[in-house]
Amino acid sequence: MLNQLRPALVLLVALTAITGLAYPLAVTGIAGVIFPAKAAGSLIERDGKVVGSSLIGQSFTSDGYFHGRHSATTAPDPADAAKTVPAPYNAANSSGSNLGPTSAALADRVKADVEKLKAENPGQPVPVDLVTTSGSGLDPDISPEAARFQIPRVAKARGVPEDKLAGLLAAQVQGRWLGVLGEPRVNVLALNIALDDLARK
């Protein structure tokens with residue numbers, strides 16, 4: 001019996017060391033050398049201080065900033081650990097809302113958001129990504145259409161001409177990867193940082 005058990009234990013220890021330690025450490029080390037910024041979390045710095053990551057969205061609610069997608073992530077309720085409370089863009093609890101098309105709560109929330117956005121920018125179709133959540137709840141990007149839809153509100157709040165914001169936005173649009181994969185997108189944090197930089201000039 002020991003003759004049969006020994007090879008199995010040796011194989012278990014060897015594979016654990018190779019696939020659980022050596023391989024992850026090697027990949028992490030190589031990524032740190034070849035792509036140091038990405039391996040460190042794609043952090044964005046401003047005035048020497050980390051203000052976020054280009055991979056994780058942030059909640060912007062002021063009229064003077066572009067807003068990202070809704071986030072359905074939650075966190076434990078401080079008053080009752082058995083319950084959760086909304087915590088937008090909570091990277092420790094990536095999740096979608098899990099509300100289906102027959103959900104009254106989802107329909108009511110989307111309807112209210114659409115009405116609010118129509119009042120904000122009358123006569124313009126509301127981009128779908130401004131009223132829906134992503135599967136992860138952490139999406140840092142919106143479509144160029146969703147960003148353009150918000151230009152009148154941001155321009156009014158900041159007292160900046162709309163055409164100037166349109167030019168700023170155009171410079172922030174990222175195209176499809178290799179020209180074919182994915183969709184054009186705008187990173188909301190990068191766009192808002194560029195917006196603040198514009199105000200400094």
**Item:** ³J(HN,Hα) computed for each position of segment 160-165 - Karplus, 6.51 cos²θ - 1.76 cosθ + 1.60, integer Hz, glycine/proline x
**Value:** 10, x, 4, 5, 5, 5
**Asked** Using Cα-only point scatterers and the Debye equation, what is log10 of I(q)/I(0) for the chain at each q in 0.09, 0.17, 0.18, 0.19 Å⁻¹, rounded to two decimals?
**Response** -0.50, -1.26, -1.34, -1.41
**Item:** Between 0 and 90°, nearest 10: helix 23-34 axis offset from the chain longest Cα axis
**Value:** 40
**Prompt:** What is the sum of charges around L130, taking Lys and Arg as +1, Asp and Glu as -1, for the other residues whose C-beta is under 14 Å from the C-beta of L130?
**Reply:** +1
**Asked** So who's got an amide H within less than 5 Å of the one on F60, skipping anything under 5 residues away but keeping other chains? H placed 1.01 Å off N, in plane.
**Response** G68
**Message:** Using Cβ counts within 10 Å as a stand-in for footprinting exposure, how do S59, S71, S54 rank, fewest first?
**Reply:** S59, S54, S71
**Fill in**
Most fluctuating of F149, F35, F60 in the GNM of the chain (C-alpha, under 10 Å) is F35
**Asked** If you take the charge dipole of segment 42-200 about its Cα centre, with +1 on Lys and Arg Cβ and -1 on Asp and Glu Cβ, which of N121, G137, V85 is farthest toward its positive end?
**Response** N121
**Prompt:** Given +1 on the Cβ of Lys and Arg, -1 on the Cβ of Asp and Glu, and no further charges, what dipole in debye does the chain carry about its Cα centre, rounded to the nearest 20?
**Reply:** 260
**Prompt:** Tell me, in nm to one decimal, what length is gained between N3 and L21 on full extension, where the rule is 0.36 nm per residue of separation less the Cα-Cα distance?
**Reply:** 3.8 nm
**Message:** List the residues, sorted by chain then number, that are 5 or more residues from T74 or on another chain and whose placed amide H is less than 5 Å from its amide H.
**Reply:** A87
**Fill in**
Simple spin-label estimate for D113/S62, 7 Å along Cα→Cβ, in nm, reads 2.3
**Item:** A14 paired with A166, simple spin-label distance in nm, labels 7 Å along Cα-to-beta-carbon
**Value:** 6.7
**Message:** Give the separation of the Cα centroids, segment 157-201 to segment 43-66, in Å.
**Reply:** 13
**Message:** Given contacts defined as C-alpha pairs under 8 Å and at least six residues apart, what's the relative contact order of the chain, whole-number percent?
**Reply:** 20
**Prompt:** Between A105, A92, A22, which gets the highest mean-square fluctuation from a Gaussian network model of the chain, Cα cutoff 10 Å?
**Reply:** A22
**Prompt:** Between segment 102-140 and segment 78-92, what's the alpha-carbon centroid distance in Å?
**Reply:** 22
**Message:** Only Cα pairs within less than 10 Å get springs; with that Gaussian network setup on the chain, which residue of Y65, Y23, Y89 has the largest fluctuation?
**Reply:** Y23
**Request:** Mind giving me the FRET efficiency for E120 and T28? R0 is 45 Å, r the Cβ-Cβ distance, nearest 0.05 is fine.
**Result:** 0.50
**Fill in**
Helix 2-17 sits off the longest principal axis of the Cα atoms of the chain, rounded to the nearest 10 on a 0 to 90 degree scale, by 30
**Message:** Would you report the distance distribution of C-alpha pairs in segment 11-118 as whole percents per 5 angstrom bin, up to the bin with the largest distance?
**Reply:** 2, 9, 10, 14, 15, 13, 12, 10, 7, 5, 2, 1, 0
**Fill in**
Residues whose built amide H sits under 5 Å from the amide H of I44, excluding neighbours closer than 5 in sequence, are V51, G52, S53, S54
**Prompt:** Hey, fewest Cβ within 10 Å first, where do R176, R200, R158 land in order?
**Reply:** R200, R176, R158
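A short reminder: the numbers here are calculations on the coordinates, not readings from a lab. Keep in mind that this is a model prediction, so the values were computed, not measured. Positions of Cβ are generated from backbone atoms using ideal geometry, with glycine treated the same way; all protein chains shown enter the neighbour counts.
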